[in-house]
1. Scan segment 37-50 and tell me whether some residue there is in a helix (DSSP H, G or I), open to solvent by 90 Å² or more (accessible area, probe 1.4 Å) and modelled with pLDDT under 70.
2. Count, please, the residues in segment 111-145 that happen to be modelled with pLDDT of 55 or more and either in a loop (DSSP other than H, G, I, E, B) or open to solvent by 30 Å² or more (accessible area, probe 1.4 Å) (or both).
3. Kindly list, by first and then second residue, each pair from a residue in segment 112-139 that is under 17 Å from Val73 (Cα atoms) to a residue that is at pLDDT 55 or above and exposed (fewer than 11 other Cβ atoms within 10 Å of the Cβ), limited to pairs with Cβ atoms under 8 Å and residues at least 6 apart or on different chains.
4. Out of (1) modelled with pLDDT of 90 or more; (2) open to solvent by 100 Å² or more (accessible area, probe 1.4 Å); (3) not small (Gly, Ala, Ser), the odd one out for Leu95 is which?
Amino acid sequence: MAESDWDTVTVLRKKGPTAAQAKSKQAIIAAQRRGESIETTKKWSAGQNKQHLVTKNTAKLDRETEELHHERVSLEVGKVIQQGRQNKGMTQKDLATKINEKPQVIADYESGKAIPNNQVMGKIERAIGELWHSVSYISTALPVV
């Protein structure tokens, strides 16, 4: 124990600067003073939320007065679906199960809230059968998608 010198400190390992410290303005200036080479690159739109910036196209769209919306299924079509389903003694859930769709899809079609989809309309047509063909205004009420 006589060999220990209480006044000296031995550093076994010194950590380098962390990533945040190495990128700080002070660290860059200190490295320049020491004559070290420094490489800086500007990342494009780094640290900014570019997805919500107002651009010329956005302003042009805001000035647009035309109202754009999707065509919906008419109420007459919804009533035909409902009558056909009830004539077969089926609930909305039964019909949905039969055509492999969710019950909410049937509810939307019957209430006139659904955007017409030819595949779903074809499934419903096959499921409820003849009543569908007896109404002539169905084909004109649905736009071709």
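1. Taking segment 37-50 and keeping what is in a helix (DSSP H, G or I), we get 50.
With the extra rule that they be open to solvent by 90 Å² or more (accessible area, probe 1.4 Å), the set shrinks to 50.
Next cut, modelled with pLDDT under 70 only: 50.
Looking for residues that are in a helix (DSSP H, G or I), open to solvent by 90 Å² or more (accessible area, probe 1.4 Å) and modelled with pLDDT under 70, one finds at least one in segment 37-50, hence yes.
2. To start, the set of residues in segment 111-145 that are modelled with pLDDT of 55 or more comprises 111-133.
Cutting the leftovers down to either in a loop (DSSP other than H, G, I, E, B) or open to solvent by 30 Å² or more (accessible area, probe 1.4 Å) (or both) gives us 111-119, 123, 125-126, 129-131, 133.
Residues flagged as modelled with pLDDT of 55 or more and either in a loop (DSSP other than H, G, I, E, B) or open to solvent by 30 Å² or more (accessible area, probe 1.4 Å) (or both) within segment 111-145 amount to 16.
3. Note: pairs meeting the criteria are Ile115/His70; Lys123/Asn100.
4. All conditions are met except number (2).
One line per residue, one yes/no per condition, for (1) at pLDDT below 90; (2) closer than 30 Å to Ala22 by Cα; (3) open to solvent by 50 Å² or more (accessible area, probe 1.4 Å); (4) among the hydrophobic types (A, V, I, L, M, F, W, C):
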site: Gly35; (1), (2), (3), (4): yes, yes, yes, no
site: Glu67; (1), (2), (3), (4): yes, no, yes, no
site: Gln82; (1), (2), (3), (4): no, no, yes, no
site: Asn100; (1), (2), (3), (4): no, no, yes, no
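The values are calculated or read from the model by the stated rules, or taken from the named source; none is laboratory data. On a predicted model such as this, the values are computed, not experimentally measured, just so you know. FYI the Cβ positions are ideal-geometry reconstructions off the backbone, even for glycines, and counts take in every protein chain you see. Heads up: the accessible areas ignore ligands, DNA and RNA and are worked out on the full protein's heavy atoms, side chains in. Shrake-Rupley method; radii C 1.70, N 1.55, O 1.52, S 1.80 Å.
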